[in-house]
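Just below is one structure, and these are the notes that go with it.
The values are calculated or read from the model by the stated rules, or taken from the named source; none is laboratory data. On a predicted model such as this, the values are computed, not experimentally measured, just so you know. So basically every Cβ, Gly included, is an ideal-geometry build from the backbone, and we count neighbours across all protein chains shown.
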Amino acid sequence: MSDLDELIDFKTGRQKRVIYSDPDIYEQELEKIFARSWLFIAHECQIKEPGDFIRTFMGEDEVLVVRQNDGSVKAFLNTCTHRGNRLCKADHGNKKTFVCNYHGWGFGIDGALNGVPLEKEAYYNKLDKDKFGMIEVAQLKSYKGLIFATFDEDAPSLDEYLGDMKWYLDSWLDAMPEGTELIGTAMKVELPVNWKLPVENVSGDGYHLGWAHAGAMTVTTSMSVGGLEVGNTGTDNDEAVSVAGLNGHTVLAALDGQSGYGFYPDPTMAVDYLNANRKTVVDRLGEFRGKKLWGSQLNFTVFPNLQMLPGLNWFRIYHPKGPGKFEMWTWAMVDKEMSDELKQMILDNVSRTFGPAGLFDNDDGDNLQAITEQSRGWRTRKMDVYTNMALGGEHSRDEMPGVVSDGLVCEQNQRYVYRRWLEMMNADSWADVPRYNNLEEAQATEAK
Amino acid sequence: MMKQASEETYLALQRQLFFEARLLSAGDYDAWINLLADDIHYSMDMPQRRFIEERTNERAPKRTPIFDDDMTALKMRIGRYKTGFVWAENPINAIRHIISNVEVFESELEGEFTVYSVIEVHRSRLDSERKRLTAGRKDRWRLSETGYKLVERTAILDDGVVLDSNLNFFF
């Protein structure tokens with residue numbers, strides 16, 4: 001057993017706290033997880049015209065995502081190849097050329113180095129400009145509006161990486177004919193927290209809703225969400241599921257077709273929209289997804305750092321900034337077909353529930369910060385933390401892919417997130433990372 | 001050119017801003033809500049880092065609110081604090097609302113005044129968490145039979161990334 005194997009026990013649901021604080025482990029995460037995974041970099045709607053760009057991060061590496069003249073998309077490291085200055089300081093915009101502020105080197109939107117001041121006088125016209133273009137990511141691919149990229153040229157295709165998670169993602173991204181769009185710009189918050197904590201929280205922790213968010217639930221709840229109750233006095237194991245084993249990706253799903261809008265004090269406009277379009281969605285996705293998933297409270301986690309909550313309609317990525325810090329970017333994502341009035345209501349509700357002053361979001365920061373700090377002490381970092389709820393509850397269901405456990409209050413998904421974390425940390429290359437999309441495959445590939 | 005309000009009005013509204021700041025720092029939201037008009041619109045936006053030459057670009061996305069609240073939404077926020085379940089605010093955190101650069105102008109509406117101010121919020125939380133957030137505010141205050149009421153507040157936070165893990169307070 002390597003040292004890493006002692007950090008995670010997938011079968012009994014245990015993690016060593018040191019994974020939330022150790023700088024060496026964090027450095028390995030940047031290399032083995034963030035530099036290898038397919039990471040979300042932009043939504044197609046954010047860069048519509050040639051020259052439109054978004055500045056974002058892949059791990060700690062800063063990236064510019066740029067729409068090309070031929071309509072394709074390229075992503076480059078946001079750094080000048082001469083002396084290493086940041087090329088672009090704006091969050092988004094439109095440019096024909098990215099000019100470095102230091103010496104004036106100019107790069108085209110295709111990344112080519114086009115202009116070098118004093119090229120003749122100082123470089124004697126001998127600079128091979130072809131060798132100094134902006135550095136591109138290794139692979140870039142779009143899935144139904146979401147653009148992903150990876151630094152690893154040996155990474156499996158995005159299609160294979162997402163695996164059967166696509167079946168769930170489609171219940172938002174492909175429910176309506178015109179697909180989705182982000183509205184507004186990113187709401188950005190920096191938190192003194194290890195990046196894995198919000199990921200595991202949203203991946204599967206329905207348990208904290210009724211307690212950590214008791215205040216927010218009290219004032220926003222208009223209909224049942226997975227049977228969760230203020231004060232943690234209730235849960236529904238029949239009409240809600242936790243789904244994992246999807247190549248590391250996870251889903252929480254209420255199965256009622258409307259609870260996604262349960263944390264809207266007045267969800268009437270959203271529920272009317274669901275009723276008006278239910279038939280369209282059933283025609284496109286079938287009975288189960290159209291009636292049980294679309295409109296329900298769903299938590300999607302695309303490993304390692306992308307999460308979406310259809311219904312609450314937020315879309316979020318986490319950028320790691322060291323073992324004890326990350327930046328969280330949240331948008332409202334909507335169906336393009338929605339009315340402007342409904343879109344505005346959703347944007348306001350995303351901001352009001354999960355924005356920087358969000359009624360729910362403002363409950364999580366202190367808890368996750370304290371867990372990070374309680375993993376730093378000489379004694380506490382040697383301690384364990386547990387995700388051992390509902391052990392042995394994993395099963396298969398014919399209607400849906402993945403490994404299923406009952407209810408939203410269930411720690412199966414967190415166990416699978418840490419399983420994936422360990423698999424990638426232990427792997428020398430992608431060839432060593434197991435692939436599984438159902439219980440049988442998950443059990444067959446379990447580390448011995 | 002906006003017309004300066006009278007000195008009497010200026011002093012009255014500056015007093016009101018300071019009084020409001022003291023209520024907000026004390027978390028006395030029941031008293032604060034009495035300073036708001038029923039048609040209040042309370043908003044604060046995330047700032048964007050954009051190149052100066054592109055600030056009027058038509059493709060600029062919709063504004064992204066941190067607050068975009070009417071009276072119902074504000075009462076919901078206050079209602080959350082009053083549940084006693086907001087664990088982050090127990091024990092109570094120290095907070096100071098510092099108001100400066102106050103300017104008061106007459107508006108196009110009789111009895112309503114445009115008030116500019118700068119707000120600096122100091123928070124002291126947990127063991128050694130010291131946070132300082134600044135914002136510019138543009139208000140509209142209305143003189144009613146029960147004193148000045150806040151009708152509209154548009155604040156802009158100075159940070160493109162919020163540097164605190166919650167904003168459990170008002171600006």
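Here is a check on your reading of the model: is residue A:107 among the aromatic types (Phe, Trp, Tyr), buried (at least 19 other Cβ atoms within 10 Å of the Cβ), in contact with a Ser or Thr (Cβ under 8 Å, 6 or more places away or on another chain) and not assigned by TED's automatic domain parsing to the domain that holds residue A:196? When the stated conditions are applied, residue A:107 passes them. As a summary of the residue check, residue B:129 satisfies the conditions (1) touching a residue at least 12 places away in the same chain (Cβ under 8 Å); (2) more than 30 Å from residue A:98 (Cβ to Cβ) except for the one numbered (1). Residues that are assigned by TED's automatic domain parsing to the domain that holds residue A:19 and of a type in the set (S, T, N, Q) number at least 1 in the following strands (runs of 3 or more DSSP E) confined to segment A:383-448: A:395-397, A:400-406.
Checked against the criterion of being more than 22 Å from residue A:332 (Cα to Cα) and either surrounded by 24 or more Cβ atoms within 10 Å (Cβ to Cβ) or at pLDDT below 95 (or both), segment A:175-193 has at least one qualifying residue.
Scanning segment A:272-314 for residues that are under 22 Å from residue A:221 (Cβ atoms) and not in a helix (DSSP H, G or I) yields a total of 15.
Against the condition more than 14 Å from chain B (Cβ to nearest Cβ), surrounded by 24 or more Cβ atoms within 10 Å (Cβ to Cβ) and either assigned to a strand (DSSP E or B) or of a type outside the set (Gly, Ala, Ser) (or both), how does residue A:245 come out, does it pass? Against the criterion (more than 14 Å from chain B (Cβ to nearest Cβ), surrounded by 24 or more Cβ atoms within 10 Å (Cβ to Cβ) and either assigned to a strand (DSSP E or B) or of a type outside the set (Gly, Ala, Ser) (or both)), residue A:245 qualifies. Residue by residue through segment A:248-269, note down the ones that are surrounded by 22 or more Cβ atoms within 10 Å (Cβ to Cβ) and assigned to a helix (DSSP H, G or I). Correct list: A:259, A:260, A:261.
Listed by position, the strands (runs of 3 or more DSSP E) inside segment A:40-112 whose residues that are more than 14 Å from chain B (Cβ to nearest Cβ) number at least 3 are A:61-67, A:73-77, A:106-108. Please verify whether residue A:87 is under 23 Å from the mean Cα position of the chain (by Cα) and on the phi < 0 side of the Ramachandran plot, treating the condition exactly as stated. In short, no. Residue pairs whose Cβ atoms lie under 8 Å apart, separated by 6 or more positions or on different chains, with the first residue in segment A:382-395 and under 16 Å from residue A:252 (Cα atoms) and the second aromatic (Phe, Trp, Tyr), are A:387/A:418; A:389/A:207. Applying a threshold of 9 Å to beta carbon distances and a minimum spacing of six or more residues, or different chains, the list of pairs starting in segment A:213-229 at a residue that is farther than 12 Å from residue B:86 by Cα and within 12 Å of chain B (Cβ to nearest Cβ) and ending at one that is of a type in the set (Gly, Ala, Ser) and crowded, with 18+ Cβ neighbours inside 10 Å reads A:220/A:262; A:221/A:262; A:222/A:262. So, of the residues in segment A:324-360 that are touching a residue at least 24 places away in the same chain (Cβ under 8 Å), among the acidic types (Asp, Glu) and touching a strand residue (DSSP E or B) at 6+ places or on another chain (Cβ under 7 Å), which turns out to be nearest to residue A:206 (Cα to Cα)? Only one residue tops the list, namely A:327. Please verify whether residue B:78 is within 15 Å of residue B:155 (Cα to Cα) and at pLDDT 95 or above, treating the condition exactly as stated. Here the answer is no, as residue B:78 does not meet what is asked.
Here segment A:137-150 is the region considered, the condition is being among the aliphatic types (A, V, I, L, M) and part of a loop (DSSP other than H, G, I, E, B), and the residue that is nearest to the other protein chains (Cβ to nearest Cβ) is A:137. In the condition set (1) in contact (Cβ under 8 Å) with a residue 24 or more places away in the chain; (2) among the charged types (D, E, K, R); (3) within 13 Å of chain B (Cβ to nearest Cβ), residue A:236 is compliant with all but (3).
Checked against (1) touching a residue at least 12 places away in the same chain (Cβ under 8 Å); (2) surrounded by fewer than 16 Cβ atoms within 10 Å (Cβ to Cβ); (3) facing another protein chain (nearest Cβ under 8 Å), residue B:69 meets all criteria but (2). Of all the numbered requirements in (1) in contact with a helix residue (DSSP H, G or I) (Cβ under 9 Å, 6 or more places away or on another chain); (2) crowded, with 24+ Cβ neighbours inside 10 Å; (3) within 11 Å of chain B (Cβ to nearest Cβ); (4) of a type in the set (A, V, I, L, M), residue A:350 misses one, and that requirement is (1).
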